[in-house]
Amino acid sequence: MAHYPGGVWPVMLTPFTNKGAIDEGALKALVDWYIKGGVDGLFASCQSSEIFNMDFEERMRIARITVEAAAGRVPVVASGFTDYALDDQVTSIKAMADTGVDAVILLTNRLALEDEGDDILLKRLFALLDSIPQDIHLGLYECPHPYKRLLSLPILKEAAATGRFYFLKDTCCDAQMISARVKAIAGSHLKLYNANTTTLLQSLRDGAPGYSGVMANFHPQPYVWLTRHINHPNADMVQSLLTCASQIERQYYPVNAKYHLQAVENLPMDIFCRTRDASGLTETFREEVRQMDRLVRAVATDLCV
């Protein structure tokens, strides 16, 4: 797909059975739930998918299931990019492209170690580009794990100038920096999708095309509305509502998101996670999720008109 629409791209969860196996039926139901919520694309096999707790085949499998379940209704991008050795990265990228995703997303922290400079990152990036087919569309994701590697403006410009990058999941959480980034990549294929709720509306007004963050796992609809109504009289109030609600991601994510989908959205999925013990989601945490949901539903119904 040559065109990557703006709007909302959830960072997808992976449903597991209560024994920890990938639940294919629940994953397909989740894809349908996202799409019915009006999202514009899906980001599969990402950190929210728990890819650092999966083997190679599992990372490819969840991307493949997502592509099949989406069935062309929305584009799908995916990462599964957890290796550091060049040969392993090339293998991973080619295999992910073969799943049918529209773009393969590279984690920026896999392109250089934490104490290595931009010169090393660029050297590794161009070595990687030379080693994979040019027709594979690529993206970049400033994944917080195992460490967050924010991209400098010169690096972004270099990547955009190759013409091979289409998707940037931005995690800088800084409106001024996002504005500078949008200007730096203007006119290229590369589009910036903000992962941060607090800065979302300002970034949209500054030219960022969309949102790709964890809160679309709770309530994608008001995010979809906001990306389409940035100058609406209610836009700033919707922004404030979403910022307040987004504090839930600091509570016990991703278990709380799976609980929301199970208990509130009635999806056929367990709350089992490989990254956190589901038993840590206390009854008080569950009540916070339920109250957050009631507030968003009640207020957004009046505001998103």
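Observations
- Residue match in region 225-239 (condition: within 23 Å of Asn18 (Cα to Cα) and in a helix (DSSP H, G or I)): no
- Among the residues of region 245-261, the one identified as in contact with a helix residue (DSSP H, G or I) (Cβ under 9 Å, 6 or more places away or on another chain) and free of Cβ contacts under 8 Å to residues at least 12 places away in the same chain is Gln247.
- One residue stands out among those in region 53-99 that are touching a Ser or Thr at 6+ places or on another chain (Cβ under 9 Å) and of a type in the set (Gly, Ala, Ser): the one that is farthest from Pro146 (Cα to Cα), which is Ala63.
- Neighbours by Cβ (under 6 Å, 6+ apart or cross-chain): first from region 122-133, under 17 Å from Asp83 (Cβ atoms) and at pLDDT 95 or above; second surrounded by 13 or more Cβ atoms within 10 Å (Cβ to Cβ) and among the β-branched types (Val, Ile, Thr): Ser131/Val90; Ile132/Val90; Ile132/Ile93
- Exclusive hit being β-branched (Val, Ile, Thr) and within 15 Å of Ser48 (Cα to Cα), set Ile230, Ile271: Ile271
- Pair list, Cβ < 9 Å and 6+ apart or interchain, from region 214-228 residues that are within 18 Å of Ala44 (Cα to Cα) to residues that are surrounded by fewer than 21 Cβ atoms within 10 Å (Cβ to Cβ) and among the polar types (S, T, N, Q): Val214/Ser246; Met215/Ser246; Phe218/Ser246
- Any hit, region 180-195, residues being within 20 Å of the chain's Cα centre (by Cα), surrounded by 18 or more Cβ atoms within 10 Å (Cβ to Cβ) and over 17 Å from Gly6 (Cα atoms): no
- Condition broken by Ala208, with the remaining ones in (1) among the small types (Gly, Ala, Ser); (2) in contact with a His (Cβ under 8 Å, 6 or more places away or on another chain); (3) outside any helix (DSSP H, G or I) satisfied: (2)
- Taken together, the residues in region 248-266 that are outside any helix (DSSP H, G or I) and crowded, with 18+ Cβ neighbours inside 10 Å amount to 2.
- Only listed residue being at pLDDT 95 or above and within 23 Å of Pro154 (Cα to Cα), chosen from Arg250, Arg276, Arg181, Arg228: Arg181
- Close pairs (6 angstrom Cβ cut-off, 6 or more residues apart or separate chains): under 17 Å from Gly139 (Cα atoms) in region 62-83, surrounded by 24 or more Cβ atoms within 10 Å (Cβ to Cβ) and basic (Lys, Arg) anywhere: Gly80/Arg59
- Count of residues meeting criterion [of a type in the set (D, E, K, R) and under 22 Å from Leu192 (Cβ atoms)] in region 98-123: 3
- No other residue among Gly187, Gly139 is at positive phi and either in a helix (DSSP H, G or I) or not aliphatic (A, V, I, L, M) (or both) apart from Gly187.
- Selection over region 267-298 of residues that are within 22 Å of Val224 (Cβ to Cβ) and not in a loop (DSSP other than H, G, I, E, B) gives a count of 8.
- For Lys157: the one exception among (1) in a helix (DSSP H, G or I); (2) under 20 Å from the mean Cα position of the chain (by Cα): (2)
- Region 267-293, subset touching a helix residue (DSSP H, G or I) at 6+ places or on another chain (Cβ under 9 Å) and more than 20 Å from Thr14 (Cβ to Cβ), residue surrounded by the most Cβ atoms within 10 Å (Cβ to Cβ): Met292
- Of the residues making up region 100-131, those that are farther than 14 Å from Ala159 by Cβ, surrounded by 16 or more Cβ atoms within 10 Å (Cβ to Cβ) and either over 22 Å from the mean Cα position of the chain (by Cα) or among the hydroxyl-bearing types (Ser, Thr, Tyr) (or both) number 0.
The values are calculated or read from the model by the stated rules, or taken from the named source; none is laboratory data. Keep in mind that this is a model prediction, so the values were computed, not measured. Don't worry about glycine lacking a Cβ; one is built from the backbone with ideal geometry, like all the others, and counts go over all protein chains shown.
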